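**Student:** Sharing a structure here in structure tokens format.
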Amino acid sequence: MNPRMLRILFVLAAAAIFTGGCAQEKYDIVIGGGTVIDGTGSAGYAADIGIREGRIAAIGKFRASQAGRWIDAAGKIVAPGFIDIHTHGDRGILHEEGRKAQNYVMQGVTTIVTGNCGNGTFKVAEYFALLEEQGSGINIAHLVGHGTVRGEVMRSADRAPTNEEMQQMRSLVDAAMKEGAAGLSSGLFYAPGSFAETGEVVELAKVVREHNGIYTSHIRDESNYTTGLKASIAEAIEVGEKAGVPVQISHIKGLGKPVWGMAEEVCGIIEAAQARGVKVYADQYPYNASGTGLVSATIPRWVQAEGKTSERLKDPKLLPRIRKETAENIERRGGPETLVISSFRRNPEWEGKNLLEISEIMGKNPVDTAIEMVLMGGAGVVSFNMSEEDIDYFMRKPWVMTGSDGDVVLRGQGMPHPRSYGAFPRKIRTYAIEKKIISVEQAIRSATGLPADMLGFKDRGLIREGYAADVVVFHPESIRDAATYTQPHQYSEGIECVLINGVFAVDAGSFTGALAGKPLRRDK
């Protein structure tokens with residue numbers, strides 16, 4: 001062999017050694033030098049993430065030359081995109097600006113679940129088609145609502161369904177599941193769901209089982225309004241156990257002083273069911289205040305039956321009873337000073353004031369003020385009613401997921417609960433890094449791998465090869481929620497990058513406005 005040929009072979013051999021014997025793989029994006037916390041709860045590890053065509057193509061060690069774009073994640077955490085298992089973003093996501101879901105994306109959230117607390121539309125194909133047509137800044141899974149279905153068939157009737165009505169409801173749920181719903185949600189605390197007996201919900205959950213779906217519940221009573229907290233937890237488990245579906249307790253809490261300190265007993269009920277083989281999960285938001293409607297927080301359910309709320313509130317014969325029970329409900333929540341108005345279309349100037357302050361402005365007592373505001377069209381309220389000890393106890397449980405219970409909101413409109421802007425960074429900053437109630441790995445698992453498992457996702461919720469490139473990169477030193485109860489319209493901080501289906505939704509800390517999300521139909 002001549003010397004020139006020998007030199008060529010030598011160069012080729014050296015190149016083969018340098019590159020591992022083959023051409024280097026190329027990736028659209030490489031997130032390099034970060035600490036990967038993969039969503040399983042395992043400890044973080046150093047690795048680079050190669051992304052190609054919207055998927056995680058490889059996890060390993062790569063060169064900058066292999067990347068169409070290299071993201072330097074040194075000193076930062078790389079995690080799966082957060083999945084908000086419990087939102088009320090159904091309407092907000094359809095708004096021209098709301099569709100960008102900026103308040104969620106800036107938290108690192110890449111998927112939201114809509115249709116909670118019994119309110120999800122049963123017209124799932126129509127809902128998903130609209131999302132696909134207009135575009136969405138975030139992925140969306142959806143639950144068909146028991147309350148919506150019941151309202152369609154029975155309006156606000158406070159009675160059991162007839163056989164014909166039951167079949168109509170079953171058919172609506174079946175159609176919704178065939179169109180891609182992830183499961184059935186109930187809001188048994190709210191009318192009209194509150195008028196349903198347990199057996200009715202079991203029958204509808206059995207339809208969900210046929211489609212491998214889940215059952216989620218805003219339980220009948222988170223306090224001592226009616227059946228009580230423990231009995232209501234047991235009822236949700238009963239539905240799942242009899243129907244044969246996984247159960248999710250929505251925004252688990254002890255609402256009000258009468259049930260503070262019951263967290264251990266509540267968890268005991270859940271864990272006993274788990275030991276029997278029932279799949280039971282819960283979601284939780286990391287705040288000591290809840291958010292709901294003024295009518296739901298204060299006005300007795302029987303007043304709302306048959307859609308005659310206004311009529312009954314004006315009936316002088318009924319008012320003594322209504323006032324008495326409304327006063328009890330206000331006290332149960334901690335008193336009028338703990339009920340802060342978050343939205344009131346009739347008079348936006350009252351937003352941010354509590355019920356006691358507004359009663360002084362109106363020159364009425366708090367009970368009559370609440371009744372008058374309901375008659376004026378109703379209001380949203382933030383209610384301070386939980387103990388930190390209970391919040392901590394629930395959060396430590398490995399079956400508790402993170403959910404905001406928030407909404408897709410537009411910056412500057414109303415006085416929403418700060419959870420819509422800050423739930424996920426707050427849990428990591430306050431409860432994992434500062435208070436050390438849980439580890440950062442558990443905080444991330446509760447927002448990624450755990451809800452993905454609950455929903456039956458096979459390609460999201462983990463940093464794993466072949467999975468969708470829903471990824472968040474954040475700095476552990478700077479991640480934090482900025483939204484407060486008095487200044488809620490503040491985006492979270494410390495989120496460096498967010499990829500949704502491989503597209504930058506947040507790039508170098510700035511929101512891009514990309515509409516890279518899509519409806520996620522349950523994998524059957």
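The values are calculated or read from the model by the stated rules, or taken from the named source; none is laboratory data. Quantities reported herein were computed from a predicted structural model and do not represent experimental measurements. Every residue, glycine as well, gets a Cβ built from its backbone with ideal geometry; the counts of neighbours run over all protein chains shown. With ligands, DNA and RNA removed, areas are computed over all heavy atoms of the protein, side chains included. Shrake-Rupley method; radii C 1.70, N 1.55, O 1.52, S 1.80 Å.
**Student:** Please tell me the relative contact order of the chain in percent, rounded to the nearest whole number, where contacts are Cα pairs under 8 Å and at least six residues apart.
**Tutor:** Working: 1241 pairs, mean separation 107.7, N = 524.
Taking the mean separation of contacting Cα pairs over the length of the chain, I get 21 percent.
**Student:** If you don't mind, there's one more thing I want to ask. To test your reading of the geometry: what angle, between 0 and 90 degrees and rounded to tens, separates the Cα axis of helix 229-243 from the longest principal axis of the chain?
**Tutor:** Computed tilt is about 60 degrees.
**Student:** Separate question: List the relative contact order of the range 71-207 as a percent without decimals, with contacts defined as Cα pairs under 8 Å and 6+ residues apart.
**Tutor:** The value is 24 percent.
**Student:** Taking the alpha-carbon centroid of each part, what is the distance from the range 326-355 to the range 244-279 in angstrom?
**Tutor:** Going from one Cα centre to the other spans 28 Å.
**Student:** Quantify, in whole percent, the carbon and sulfur part of the accessible surface of the chain (1.4 Å probe; protein heavy atoms only). Working shown, then result.
**Tutor:** Values: 10430 of 20720 Å².
That share works out to 50 percent.
**Student:** Between Gln490 and Asp72, with labels modelled 7 Å along Cα→Cβ, what's the label distance in nm to one decimal, could you check?
**Tutor:** Label at Gln490, label at Asp72, 3.0 nm between them.
**Student:** Further, regarding this structure: Can you tell me the accessible area per residue over the range 217-362, all protein chains present, probe 1.4 angstrom, in square angstrom?
**Tutor:** Details: 6090 Å² over 146 residues.
Per-residue accessible area for the range 217-362 comes out at 42 Å².
**Student:** Return the whole-Å distance between the Cα centroid of the range 381-415 and the Cα centroid of the range 83-103.
**Tutor:** Comparing the Cα centres of the range 381-415 and the range 83-103, I get a distance of 17 Å.
**Student:** Another question about this same structure. Extending each Cα 7 Å along its Cβ direction at Thr198 and Glu126, get the distance between those two points in nm, one decimal.
**Tutor:** About 3.5 nm separates the two model spin labels.
**Student:** In terms of modelled amide H atoms, which long-range or inter-chain residues lie less than 5 Å from the amide H of Met401?
**Tutor:** HN-HN under 5 Å from Met401: Ala282, Asp283, Gln284.
**Student:** How about the range 50-130: which GluC sites (Glu not before Pro) there are in a DSSP loop, with at most 16 other Cβ atoms within 10 Å of their Cβ?
**Tutor:** The qualifying sites are Glu53, Glu96, Glu97.
**Student:** Relative contact order for the range 372-445 using alpha-carbon pairs under 8 Å, separation at least 6, rounded to a whole percent? Write down the numbers at each step before the final one.
**Tutor:** On the way: 37 pairs, mean separation 18.3, N = 74.
Normalised by residue count, the contact order of the range 372-445 is 25 percent.
**Student:** Follow-up question, since we're still on this one. Taking only protein heavy atoms and a 1.4 Å probe, what accessible area per residue, in Å², does the range 25-97 have with all protein chains in place?
**Tutor:** On the way: 3070 Å² over 73 residues.
For the range 25-97, the solvent-accessible area averages 42 Å² per residue.
**Student:** Please report Rg (one decimal) and Dmax (integer) in Å for the Cα set of the range 364-517.
**Tutor:** Here Rg and the maximum Cα pair distance are 18.1, 62 Å.
**Student:** Within the set Lys397/Lys435; Lys123/Lys178; Lys76/Lys397; Lys397/Lys427; Lys230/Lys257, which residue pairs have Cα atoms separated by over 19 Å?
**Tutor:** Working: Lys397/Lys435 16 Å; Lys123/Lys178 11 Å; Lys76/Lys397 26 Å; Lys397/Lys427 14 Å; Lys230/Lys257 15 Å.
In this structure, Lys76/Lys397 lie more than 19 Å apart at Cα.
**Student:** Further question on the same structure: Once both labels are modelled 7 Å past Cα along the beta-carbon direction, what's the Lys458-Glu360 spacing in nm?
**Tutor:** If labels sit at Lys458 and Glu360, their model points lie 6.1 nm apart.
**Student:** OK, next. Just going by the charge dipole of the range 147-236, with Lys and Arg at +1 and Asp and Glu at -1 on Cβ, which of Thr198, Asn163, His211 is farthest out on the positive end?
**Tutor:** The residue sitting most towards the positive pole is His211.
**Student:** If you place +1 on the Cβ of every Lys and Arg and -1 on the Cβ of every Asp and Glu, how big does the dipole about the Cα centre of the chain come out, in debye to the nearest 20?
**Tutor:** Working: 59 positive and 63 negative charges, 172 e Å.
The dipole of the chain has a size of about 820 debye.
**Student:** Separate question: Filter the trypsin sites (Lys or Arg not before Pro) in the range 127-218 down to the DSSP loop ones having no more than 12 other Cβ atoms within 10 Å, then list what survives. It would help to have the intermediate numbers written out before the result.
**Tutor:** Details: sites: Arg150, Arg155, Arg159, Arg170, Lys178, Lys206, Arg209; in loops: Arg155, Arg159.
Answer in residue order: Arg155, Arg159.
**Student:** Now for a separate question. Aspartates and glutamates within cross-link reach of Lys206: Cα-Cα under 19 Å, excluding same-chain residues under 8 positions apart?
**Tutor:** Lys206 reaches Glu164, Glu165, Asp174, Glu179, Glu197, Glu235, Glu238, Glu241, Asp523.
**Student:** Tell me whether the range 336-385 comes out rounded, prolate or oblate; compute the Cα gyration tensor, take square roots of the eigenvalues as a ≥ b ≥ c, and use a/c under 1.5 as the rounded threshold.
**Tutor:** Details: a/c = 1.39, a/b = 1.03, b/c = 1.35.
Since a/c stays below 1.5, the shape of the range 336-385 is classed as rounded.
**Student:** Express in nm, to one decimal, how much length is gained between Leu375 and Asp315 on full extension, taking 0.36 nm for each residue of separation and deducting their alpha carbon distance.
**Tutor:** Working: separation 60, 0.36 × 60 = 21.60 nm, distance 1.25 nm.
Here the segment from Leu375 to Asp315 would lengthen by 20.4 nm.
**Student:** Here's a follow-up. For Asp84, Asp28, Asp174, write out the residues from largest to smallest accessible area, computed with a 1.4 angstrom probe and no ligands counted. Spell out each step's value before the answer.
**Tutor:** On the way: Asp84 0, Asp28 80, Asp174 40 Å².
So, going from the largest accessible area down, we get Asp28, Asp174, Asp84.
**Student:** Name the residue farthest towards the positive end of the dipole of the chain from the options Val506, Ser296, Ile433, assuming +1 on Cβ of Lys and Arg, -1 on Cβ of Asp and Glu, about the Cα centre.
**Tutor:** Val506
**Student:** Could I ask something else about it? Could you calculate the contour length gain from Trp302 to His475, that is, 0.36 nm times the residue separation minus the distance between their Cα atoms, to one decimal place in nm?
**Tutor:** Numbers: separation 173, 0.36 × 173 = 62.28 nm, distance 5.01 nm.
Result: 57.3 nm gained on full extension.
**Student:** Same structure, new question: Quick one: dipole size for the range 209-278, taken about the Cα centre, charges +1 on Lys/Arg Cβ and -1 on Asp/Glu Cβ, in debye to the nearest 20.
**Tutor:** Numbers: 7 positive and 9 negative charges, 16 e Å.
The calculation lands at about 80 debye.
**Student:** Can you give the accessible area per residue of the range 448-501, in Å², using a 1.4 Å probe? The partial results should precede the final answer.
**Tutor:** Details: 1860 Å² over 54 residues.
Per-residue value: 34 Å².
**Student:** Then there is this: Give the residue from Gln66, Tyr421, Ala379 lying farthest towards the positive end of the charge dipole for the chain; charges sit on Cβ (+1 for Lys and Arg, -1 for Asp and Glu) and the dipole is referred to the Cα centre.
**Tutor:** Going by the Cα projections, it comes out as Gln66.
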